[in-house]
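The values are calculated or read from the model by the stated rules, or taken from the named source; none is laboratory data. Computed from a predicted model, the values in this text were never measured in an experiment. Virtual Cβ from ideal backbone geometry, glycine too; neighbours counted across all protein chains shown.
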Amino acid sequence: MRFKRIIPYALSLLLLGCAAQRKLHNPEIKRNLEFAFISDTHFPNATADSVVSLAAGSGAEFILHGGDIVQEPKEEKGWETAQKAKEKSGIPWFPCVGNHDGDRQIKRHFSVPDYYGFEQDNCYFLALNTQETDFEKQFGYAKDKIKSWKGRGPIFVYFHKPIFSSQMDLRIPRKKLETIFRENGVDFVLMGHEHHYTRFHRLNGVEYIISGCGSTLDSSEGKVPGEEVKFFDNNYLNFIVRGDSVFMKSVNMKGRTIDSLAVNWRDNDHRSKNPFIENINYLRGLVPYILHETF
């Protein structure tokens with residue numbers, strides 16, 4: 001089941017409370033799991049400090065970071081500022097690699113591998129590396145991990161450079177990634193790099209969101225095929241997971257919800273069996289990508 005922006009987020013929370021009263025498919029999960037997603041903080045940056053503070057204060061247990069933690073990977077000031085923000089947040093960060101981070105530098109300062117996954121409650125999280133030029137190892141790793149989790153709970157994949165983008169970076173193997181996500185039950189794909197908020201029309205049961213709004217915004221980004229919602233506003237994403245339900249809201253610096261979404265990851269209607277049926281408008285908008293697709 002999916003509720004669009006016309007359904008206030010407050011109603012989503014009410015439904016979440018009601019869900020707690022019924023018998024869940026996974027009755028072992030007795031509590032909400034709450035986490036946040038931020039990206040493109042480009043430390044040192046005062047806006048980034050505010051974004052982190054608000055995301056951490058929302059009740060999140062941890063933060064997924066979509067890359068570009070710092071502006072200049074070889075300058076220690078950015079990493080020091082980022083570490084202070086992390087310590088101040090009081091919760092763990094799970095970053096992926098951005099094009100401003102530097103492979104060696106992010107590993108030294110945040111001790112993260114090129115790509116990795118982790119479990120939390122009934123959820124699975126997978127961080128990929130779009131800076132890696134050899135995607136084949138990642139394909140195998142990603143497919144094995146999410147396939148083994150399919151049907152056990154919601155799956156969240158996040159990485160830096162978006163696979164649907166006005167920049168048309170053909171180095172990112174869109175078709176292969178989209179196929180892996182579609183065939184193996186991924187529910188949300190979270191991306192950064194572009195400094196705006198965009199949620200696309202659901203494609204084959206997968207929600208694709210760009211939210212690179214942790215620092216300076218870039219309103220020059222062109223329209224991307226398949227867009228459903230687009231804002232140029234600093235924000236973070238807040239997720240609440242309870243049993244079968246996933247609630248997402250995008251919150252700006254004034255605490256206002258600029259977009260919200262609720263899905264049931266077990267819902268049969270959530271994943272189309274035929275990839276050409278679910279979203280005619282989206283497929284029509286993908287013509288520019290099909291013409292340029294080389295993978």
Quick check on region 78-97: of everything there that is assigned to a helix (DSSP H, G or I) and within 21 Å of the chain's Cα centre (by Cα), which residue is surrounded by the most Cβ atoms within 10 Å (Cβ to Cβ)?
A82
Quick one: in region 115-144, which of the residues that are in a loop (DSSP other than H, G, I, E, B), buried (at least 18 other Cβ atoms within 10 Å of the Cβ) and touching a helix residue (DSSP H, G or I) at 6+ places or on another chain (Cβ under 8 Å) is modelled with the lowest pLDDT?
F135
Would a scan of region 62-77 turn up a residue that is part of a helix (DSSP H, G or I) and either within 20 Å of the chain's Cα centre (by Cα) or within 23 Å of H193 (Cα to Cα) (or both)?
yes
Search region 91-111 for residues that are within 11 Å of V70 (Cβ to Cβ) and pair each with any residue that is of a type in the set (D, E, K, R) and loosely packed, with under 14 Cβ neighbours inside 10 Å when their beta-carbon atoms are under 8 Å apart and the residues are at least 6 apart or on different chains.
G102/K74; Q105/K74
Select from region 217-257 the residues that are in a strand (DSSP E or B), over 18 Å from P162 (Cα atoms) and in contact (Cβ under 8 Å) with a residue 60 or more places away in the chain and list them in ascending order.
N238, F239, I240, V241, R242, S245, V246, F247, M248, K249, V251, T257
State the number of residues belonging to region 225-260 that are among the β-branched types (V, I, T) and surrounded by fewer than 22 Cβ atoms within 10 Å (Cβ to Cβ).
4
Is it the case, given these coordinates, that G214 is assigned to a loop (DSSP other than H, G, I, E, B), at pLDDT below 90 and within 21 Å of F125 (Cα to Cα)?
yes
Can you name the condition, by its number, that P173 falls short on among (1) surrounded by 23 or more Cβ atoms within 10 Å (Cβ to Cβ); (2) out of contact with any Asp or Glu (no Cβ under 9 Å at 6 or more places or on another chain)?
(1)
Go through region 148-170 and count every residue that is at pLDDT 85 or above and surrounded by 13 or more Cβ atoms within 10 Å (Cβ to Cβ).
14
Counting just the residues of region 102-114 that are of a type in the set (A, V, I, L, M, F, W, C) and either assigned to a helix (DSSP H, G or I) or modelled with pLDDT of 90 or more (or both), which one comes out surrounded by the most Cβ atoms within 10 Å (Cβ to Cβ)?
I106
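Any residue that is touching a His at 6+ places or on another chain (Cβ under 8 Å), crowded, with 17+ Cβ neighbours inside 10 Å, more than 22 Å from S58 (Cα to Cα) and of a type outside the set (A, V, I, L, M) - is there at least one of those in region 207-216?
no
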Being aliphatic (A, V, I, L, M) and touching a strand residue (DSSP E or B) at 6+ places or on another chain (Cβ under 7 Å) is the filter here; which residues of region 219-264 pass it?
V224, V229, L237, I240, V241, V246, M248, V251, I258, L261, A262, V263
Here is a check on your reading of the model: is F156 touching a residue at least 40 places away in the same chain (Cβ under 8 Å) and closer than 29 Å to V229 by Cα?
yes
Can you confirm whether E194 is of a type in the set (D, E, K, R), touching an Asp or Glu at 6+ places or on another chain (Cβ under 8 Å) and either under 25 Å from A82 (Cα atoms) or at pLDDT 90 or above (or both)?
yes
